[in-house]
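Here is the structure we will look at, set down as structure tokens.
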Amino acid sequence: MTDIIKPQTPSDRILASRRKFLAAAGLTAPAALATPAIVRAQAPIKWRLQTYSGAPLGAHVIKPQIDAFNAAANGEMEIELYYADQLVPTAELFRALQNGTLDAIQSDEATMASPVDIAVFGGYFPFATRFSLDVAAMFMYYGLDKIWEEAYADVENVTYLSTGAWDPLHIFTVNKPIRSLADFNGLRVFGVPTAGRFLSRYGMIPVTVPWDDVEVAMRTGDLDGVAWCGFTETYEVGWADVCKYALSNSVTGAWFGSYFANTESWKKVPPHLQQLYRTTIDQSHYYRNVWYWGGEAQLRVHGEKLEQTSLPAEEWAQVTKDAESFWDEMASESERAAKVVAIFKKYAADQQKAGYPYR
């Protein structure tokens, strides 16, 4: 029986040509003609970060960084930002990071009770710095970065990322001007722990309250002032509307603040996003340095809300001398703490020898 040969349709000819092309290219028709796989977008990584600062201050010290990161992450990752005490009390920040309640934090060690033997140097350490750049210089050139990394390598499930500078430390009071060391006696002041520990030797009483309650506590008389920041923050957050006086003597030149991540959360972030996060941290350090440096000068000269006072030269010389014994006291607490104090001393000596504009 003779087979009937059907004429090829246009579709048959197209299919035959395609198969001939695929064969020449070394591809098999079934694989090449299979339905393409559907690639589904991976759900973005979500982080929760809490800072030590309240919202008015956080708008400068961290929000620009988080906004920049979220925009640049292009939907692959999103960081939710929380301010002081919104998810956990500030004193529990470290523990919340360690147990995974938070994925990241921004704070100084002393304020959040970090369980490392260098915690006393976080925040304001009396006379350790004169300018904000001193912090970066000691981390980059003098080895503080290695000491911080070493200290946190001993802590489970916490990854240390970076330390930067904030503002200098001045004392602002509601009704009582400070014109002598005797005026410190009995002052109830909100502040960071290390500076408070030092100033308590002159009779000042460090008081801890939630950050958002500080202004109310000053208005009600439960606090006599703050030893927590410089002029820029005092004006920015509204404390300059409550306080009448500012002590122009600066107990130290810059606050040490750091960034940390929960280690398990950090490991889940791909390398390119880890680098992006580190880059935006550096951006934050830069922004803060300029914001504070310019703000401090402008407000000391042009600010109209605070009357500035100062201690007599001989009394201020006594305070700076007392800081030497305080440094030695802190150095005796651990071998690692002694290394930090040795760096402070070496750096201060080098700056003095370098002369203008360093000292």
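From the list GLU304, GLU296, GLU314, which one is open to solvent by 80 Å² or more (accessible area, probe 1.4 Å), in a helix (DSSP H, G or I) and either closer than 30 Å to ASN175 by Cβ or not small (Gly, Ala, Ser) (or both)?
Details: GLU304 fails: in a helix (DSSP H, G or I); GLU296 fails: open to solvent by 80 Å² or more (accessible area, probe 1.4 Å).
Going through GLU304, GLU296, GLU314 in turn, just one is open to solvent by 80 Å² or more (accessible area, probe 1.4 Å), in a helix (DSSP H, G or I) and either closer than 30 Å to ASN175 by Cβ or not small (Gly, Ala, Ser) (or both): GLU314.
Among the residues of the range 99-111, the one identified as aliphatic (A, V, I, L, M), in a loop (DSSP other than H, G, I, E, B) and more than 18 Å from VAL340 (Cβ to Cβ) is LEU102. Total residues in the range 268-277 satisfying the condition of being open to solvent by 90 Å² or more (accessible area, probe 1.4 Å) and touching a residue at least 12 places away in the same chain (Cβ under 8 Å): the figure is 1. Within the range 145-200, the set of residues being of a type outside the set (D, E, K, R), under 29 Å from VAL214 (Cα atoms), open to solvent by 10 Å² or more (accessible area, probe 1.4 Å) and part of a loop (DSSP other than H, G, I, E, B) comprises PRO168, VAL174, ASN175, PRO177, SER180, ASN185, GLY186.
Filter the range 263-287 for residues that are touching a strand residue (DSSP E or B) at 6+ places or on another chain (Cβ under 7 Å) and among the β-branched types (Val, Ile, Thr); which is farthest from LEU97 (Cα to Cα)? Checking each candidate, the answer is ILE281.
Scan the range 317-334 for residues that are out of contact with any Lys or Arg (no Cβ under 9 Å at 6 or more places or on another chain), open to solvent by 20 Å² or more (accessible area, probe 1.4 Å) and in contact (Cβ under 8 Å) with a residue 24 or more places away in the chain and the total you get is 4. Taking every residue in the range 97-122 that is free of Cβ contacts under 8 Å to residues at least 12 places away in the same chain and more than 20 Å from GLN65 (Cβ to Cβ) and pairing it with any residue that is surrounded by 24 or more Cβ atoms within 10 Å (Cβ to Cβ) and among the β-branched types (Val, Ile, Thr), at least 6 positions away or on another chain, the pairs with Cβ-Cβ distances below 9 Å are ALA119/THR194. ALA136 passes every criterion in (1) open to solvent by 20 Å² or more (accessible area, probe 1.4 Å); (2) in a helix (DSSP H, G or I); (3) over 30 Å from TRP316 (Cβ atoms); (4) in contact with a strand residue (DSSP E or B) (Cβ under 7 Å, 6 or more places away or on another chain) apart from (3). PHE260 meets all of the listed conditions (1) open to solvent by 20 Å² or more (accessible area, probe 1.4 Å); (2) outside any helix (DSSP H, G or I) but one, namely (1). Take the residues of the range 58-98 that are assigned to a helix (DSSP H, G or I) and polar (S, T, N, Q): which is most open to solvent (accessible area, probe 1.4 Å)? Checked the range 58-98; the qualifying residue most open to solvent (accessible area, probe 1.4 Å) is GLN98. Hey, does the range 105-113 have a residue that's among the small types (Gly, Ala, Ser), modelled with pLDDT of 95 or more and under 17 Å from the mean Cα position of the chain (by Cα)? Looking through the range 105-113, at least one residue is among the small types (Gly, Ala, Ser), modelled with pLDDT of 95 or more and under 17 Å from the mean Cα position of the chain (by Cα).
The values are calculated or read from the model by the stated rules, or taken from the named source; none is laboratory data. Given the structure is predicted, the values throughout are model-derived calculations rather than measurements. We place every Cβ from the backbone using ideal geometry, glycine too, and count neighbours over all the protein chains shown. Keep in mind that these areas ignore ligands, DNA and RNA; they rest on the heavy atoms of the full protein, side chains included. Shrake-Rupley method; radii C 1.70, N 1.55, O 1.52, S 1.80 Å.
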